[in-house]
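**Student:** Quick one: this structure, given as structure tokens, is what I'll be asking you about.
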Amino acid sequence: MKLTFRLKLFFYFVGIILSISIPIALITYNYMYKSLKEHLFSSAKAQMVQVDNNFSNMLGQIKYNAKFLATYSDAKKADQSISALFNIPDIAINKKYSKQIPGIESTIYNVLEAYGTSHPETTYVYIGTKWGGYIQWPDGLSTNTFDPRTRPWYSLALSNPDEVVISDPYVSAVDNSKNVIISASTTVKNEDGSIVGVMGIDLSLEKLSEIIRNIRIGDTGYVFLYLKDGTMLAHPNIDLNFKNILHLNQLGYTYSQTDEASKFSFDNYDKFIDLDNGSFETYINGDPVLVNVYTCKDTGWKMASVIPKSELESKASKMGYLIIMITVGVLFLAIFVTLIVTKKVTKPITELVPLMQAAGNGDLSVKASINSNDEFGELGRSFNLMIGKLRSSYEELSSVYEELLATEEELRVQYNELQQNEEALRVSEEKYKLALECANDSIWEWNLVTDTFFASDKLIDITGYKLDEINNLRNFVYENVHSDDLDKVKKDFKNHINQLTDVYSSEFRIRTKSSSYVWILSCGKALRDSEGKVIKITGSIRDISERKISEDRIKFMAFYDSLTKLPNRTLFMNRLNEQLQLSNYANKQGIVFFIDLDNFKNINDTMGHEYGDKLIISLAKQFENLIEEKDTISRLGGDEFILLHPDSKEDEIQAYAKRLLGLFDKVFKIDNKHMYITASVGIALYPKDGKDSSTILRNADAAMYRAKELGKNRFSLFDPQMYISLERKTSIERILRTAVDNNELIINYQPQYDLQANKIFGFEALLRLNSRELGFISPAEFIPIAEESGYITQLTLWVLKESCRQSAKWFEAGYKFNSISVNISSVDLQETNFLDNVKEIIESSSVNPNMIELEITETVLMKSFDSSIGILKKLMDMGIRIALDDFGTGYSSLSYLRRIPINTLKIDKSFIDNISLNKKEEAIIKNIIQMAHSMELKVIAEGVEVEDQLLILKRMKCDYIQGYYFSKPLLANQLEELLEK
């Protein structure tokens, strides 16, 4: 569909209206939403301030009343005659009524009674003496263990003898009411100014809870009161009173409590504690809410208003609907007005278009009838004027055209004659040029007698200079040949003139007319007269720039790294050898730093190799900016760099190494992504740590690996012991590759006991290496080497195959057990054919897959979490059980545990060791077992060595145990003897 000008104008105006009205509507909605939100927050704060003021006034009045009672004349007469509750026999039967005791006790009670009955907010009013005596309203006390001197309000008042102090909430101990109260207490002094006791007034927090429950924020919001430590004092849900916000969000607490209130949850619970005054959004019990926190100015307690976010959204939605209706109405009105205006504005154009089309088709009799006084009227008049002029011009052109036809015939005859003459000349010139242009060289001749110079046009292509621009060849050479090549050019020319060479040949750079330089090869031969004097030289000039660039590129590739443009290993070794020779003659020393990036493979795997290359390039530039002019920084390949710091002293090592590691303290920004990476640095000195380059490089490499073993992100100086360790590591790697063929691998089987059935449940297959060369090698030493060398999967499959074969043999012999466990590595899970190999082993051994349990640790699993989860699920689909080994020593994240497909949880030995001595560790084990059972997981406790540990685990209903208490790991024949018993 073709859009007319009228439609385009209409759509243009509509677009403007939409681009203005929609943002205005959105801005209005956001403004109204924020206003409603601020109104709710301000209303909530105003109510909390009002509650705080009321409560502060109440506390102020109580403090005033407590001071008044303490200074009352009768209270000052308190003495040892006031009876103590703990001194009254059979007080549970014969309650104490102070009102009935004559003397000062009944007098003081009457004062307390008068106050208590006239102040309904009062729960208790009392006096406790320094001799243990106690008077309280209401009367009729029956507690024989109550001593006022041990109560919090008594010690608090003594600590502040001239003030009335408010206590933190506590549970009343004077009766069985379990009232939670706060006290306003102060010291009572006799006429001599000596303290004889403490006067106090108690206020029950139940009355404060009633006030809180009656507060409504908005339509459905509420307020609750809590202490700075998170303990809630007053909440509309009375079951939450005196629950702690922090405890409600601790997993162990929610599992240990059974009441519904303990399941209450607060997201961002730390903000309730840390924030003194302010507002934020969070979730309570999974519902989005708006929270406003206010800290009471006198008590330091906190109030929080909670308004469901749905209430705000409901009000905002209503406002949004109104805004939409208004916006839509305005849009329709504006579009209607735009349609009318557009039609009126474009009417003259729609009338003029068919007239112009007719004129374009040759009809010059058309005439516009637009009579308005605006631009369109002027356009119509101009159109009519243009048509009139075109009509006149057309008639003139017709007569001129006839004259041109006659002249054209005369010119055609003359043109044919010229063409014949030019053709003959062109053929002659082409024969000459063809010989020169077919060659890539420029042919030149220099007449030394007349000092004239000639060259073919190819010289222009090479240098940009025309022949007439070279007036004097000698001056041209001196001015344009590169200064570094000029002496060589003159020498080559003189050698040929003096007949030292048969042919003149010279390679040099010459400046072109564009001021750039090109490499040329100039060759020639001298023509001599009868006396042997040179009279003329003839030769050729060829552009060899591309050949020179190729030679330079080859040279660069031979000595420099193509990615970073740093020196490569070859150039580095050349410079190191030069410095080693210099150190022999001049008695100088230097330092070599071997730098390897930590975990660089993870960056390539997660971000891609292109990102990794850009990081290497960025790091290379920073190394170049950091090093000194005499230094050489080289990239050996991958993520390894090596730095030569010659002519240096040993005391410079630490400072220089820290400068290198300092590069990795800051973030690397590549393609708008921020990345942190660290490096391990190995350091070797020459000639101290080696007198040849290979030894220096090897020792620096060994020091670097030592730095990685110590935790990475550090430097390490070479020590001869490092080479011994590296040599042992290399030997173990070599031994592992032939261990199967040499029968140096042994499998020990450690029984796993069913605690409830009191029988052997299964076995864990444990790999051992007994080398003929090095003797017994610990798994803690050879397993990491196997993983690093990539040989671990062969070992895993061998252990699985041998364990399945042995299990099948035991079944045939009639031995009964339910499980055989084999440890696997993260490397195994990334192996492409691992699943197929496991399936093949199980099928060939005819062992039921349900008998097989594969164990993997938390730390190993986290290395490639998502891909590992997929592999584990496929293993479980085959019927194989999965156990999470060493639980508690790795990440121990419940969010991860929920996602991991496992059947069994193995508790690490480090938790079992102190279970009978440490109550905290006992509680941790209990919670782990309960949690595992709730997730329908079986639990195996490792490292059980004593009976106390066994009894505790049995009481906790642990499913299986494994450890030296029952049996150490045994060879297959030793295990058969155990099974016979």
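**Student:** Which residue is surrounded by the fewest Cβ atoms within 10 Å (Cβ to Cβ), if the candidates are limited to the range 594-639 and must be more than 19 Å from the chain's Cα centre (by Cα) and at positive phi?
**Tutor:** Restricting to residues being more than 19 Å from the chain's Cα centre (by Cα) and at positive phi, the top hit is Gly637.
**Student:** Return the residue satisfying two criteria in turn: it lies in the range 526-564 and is β-branched (Val, Ile, Thr) and over 49 Å from the mean Cα position of the chain (by Cα), and of such residues it is surrounded by the most Cβ atoms within 10 Å (Cβ to Cβ).
**Tutor:** Once the filter is applied, the top-ranked residue is Ile541.
**Student:** Working only within the range 559-600, note down all residues that are under 30 Å from Lys669 (Cα atoms) and without any contact (Cβ under 8 Å) to a residue 12 or more places away in the chain.
**Tutor:** Across the range 559-600, the qualifying residues are Tyr560, Ser562.
Conditions tested, residue by residue: (1) closer than 27 Å to Ser185 by Cβ; (2) not β-branched (Val, Ile, Thr).
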site: Asn30; (1), (2): no, yes
site: Asp52; (1), (2): yes, yes
site: Met58; (1), (2): yes, yes
site: Phe68; (1), (2): yes, yes
site: Tyr72; (1), (2): yes, yes
site: Ala75; (1), (2): yes, yes
site: Asn110; (1), (2): yes, yes
site: Glu113; (1), (2): yes, yes
site: Thr129; (1), (2): yes, no
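**Student:** Kindly evaluate Ser159 against the criterion of being out of contact with any His (no Cβ under 8 Å at 6 or more places or on another chain), of a type in the set (Ser, Thr, Tyr) and free of Cβ contacts under 8 Å to residues at least 24 places away in the same chain.
**Tutor:** Yes: the conditions hold for Ser159.
**Student:** Now, a different point. I'd like the full set of residues that are touching a Lys or Arg at 6+ places or on another chain (Cβ under 9 Å) and touching a residue at least 40 places away in the same chain (Cβ under 8 Å), limited to the range 943-970.
**Tutor:** Asp959, Tyr960, Ile961, Gln962, Gly963, Pro969
**Student:** I'd like to check which strands (runs of 3 or more DSSP E) are fully inside the range 702-781 and have at least 2 residues that are more than 38 Å from the chain's Cα centre (by Cα) and within 23 Å of Ile792 (Cβ to Cβ).
**Tutor:** Correct list: 745-754, 759-771, 775-777.
**Student:** Specify which of the listed residues (Arg706, Arg734, Arg698) is over 30 Å from Ser967 (Cα atoms), charged (D, E, K, R) and loosely packed, with under 14 Cβ neighbours inside 10 Å.
**Tutor:** Checking each option against the conditions leaves just Arg734.
**Student:** Just to check your reading of the model, which residue among Glu942, Glu976 is of a type in the set (Asp, Glu) and either surrounded by 19 or more Cβ atoms within 10 Å (Cβ to Cβ) or not assigned by TED's automatic domain parsing to the domain that holds Leu755 (or both)?
**Tutor:** Sole residue among the options that is of a type in the set (Asp, Glu) and either surrounded by 19 or more Cβ atoms within 10 Å (Cβ to Cβ) or not assigned by TED's automatic domain parsing to the domain that holds Leu755 (or both): Glu942.
**Student:** Restricting the search to the range 94-126, which residues are more than 22 Å from Val164 (Cβ to Cβ) and touching a residue at least 40 places away in the same chain (Cβ under 8 Å)?
**Tutor:** Lys95, Lys96, Tyr97, Ser98, Lys99
**Student:** Do we find that Ala334 is of a type outside the set (Lys, Arg), in the same structural domain as Tyr283 (by TED's automatic domain parsing), surrounded by 13 or more Cβ atoms within 10 Å (Cβ to Cβ) and within 60 Å of the chain's Cα centre (by Cα) in this structure?
**Tutor:** For Ala334, the condition - of a type outside the set (Lys, Arg), in the same structural domain as Tyr283 (by TED's automatic domain parsing), surrounded by 13 or more Cβ atoms within 10 Å (Cβ to Cβ) and within 60 Å of the chain's Cα centre (by Cα) - is not met.
**Student:** Hey, another quick one. If you check Thr129 against the conditions, is it free of Cβ contacts under 8 Å to residues at least 40 places away in the same chain, in the same structural domain as Arg151 (by TED's automatic domain parsing) and not charged (D, E, K, R)?
**Tutor:** No: the conditions fail for Thr129.
**Student:** Follow-up. Within the range 205-236, track down each residue that is surrounded by 19 or more Cβ atoms within 10 Å (Cβ to Cβ) and assigned to a strand (DSSP E or B).
**Tutor:** Within the range 205-236, Ile217, Gly221, Tyr222, Val223, Phe224, Leu225, Tyr226, Met232, Leu233, Ala234 qualify.
**Student:** For the range 502-518, how many residues are exposed (fewer than 13 other Cβ atoms within 10 Å of the Cβ) and over 18 Å from Asp529 (Cα atoms)?
**Tutor:** 4
**Student:** Determine which member of the set Leu59, Leu36 is in a helix (DSSP H, G or I) and touching a strand residue (DSSP E or B) at 6+ places or on another chain (Cβ under 7 Å).
**Tutor:** Answer to the selection: Leu59.
**Student:** Can you tell me which residues in the range 658-696 are of a type in the set (Phe, Trp, Tyr) and either without any contact (Cβ under 8 Å) to a residue 60 or more places away in the chain or in a helix (DSSP H, G or I) (or both)?
**Tutor:** Result: Phe664, Phe668, Tyr676.
**Student:** Say whether the condition of being closer than 25 Å to Gly608 by Cα and touching a helix residue (DSSP H, G or I) at 6+ places or on another chain (Cβ under 7 Å) is met by at least one residue in the range 693-702.
**Tutor:** no
**Student:** For the condition in contact (Cβ under 8 Å) with a residue 40 or more places away in the chain and touching a strand residue (DSSP E or B) at 6+ places or on another chain (Cβ under 8 Å), what is the one hit in Ile245, Ile215?
**Tutor:** Result: Ile215 is the single residue among Ile245, Ile215 that is in contact (Cβ under 8 Å) with a residue 40 or more places away in the chain and touching a strand residue (DSSP E or B) at 6+ places or on another chain (Cβ under 8 Å).
**Student:** Among the residues of the range 888-908, write down those that are at pLDDT below 80 and either touching a strand residue (DSSP E or B) at 6+ places or on another chain (Cβ under 8 Å) or among the hydroxyl-bearing types (Ser, Thr, Tyr) (or both).
**Tutor:** Gly888, Thr889, Gly890, Tyr891, Ser892, Ser893, Ser895, Tyr896, Leu897
**Student:** Would you mind telling me which numbered condition in (1) at pLDDT 90 or above; (2) farther than 18 Å from Lys67 by Cα; (3) assigned to a loop (DSSP other than H, G, I, E, B) Thr143 fails?
**Tutor:** The number of the failed condition is (1).
**Student:** For the range 577-598: of the residues being touching a Ser or Thr at 6+ places or on another chain (Cβ under 8 Å) and not in a strand (DSSP E or B), which is nearest to Asp647 (Cα to Cα)?
**Tutor:** Gln589
The values are calculated or read from the model by the stated rules, or taken from the named source; none is laboratory data. Treat the numbers as computed from the prediction; the structure is a model and nothing was measured. So basically every Cβ, Gly included, is an ideal-geometry build from the backbone, and we count neighbours across all protein chains shown.
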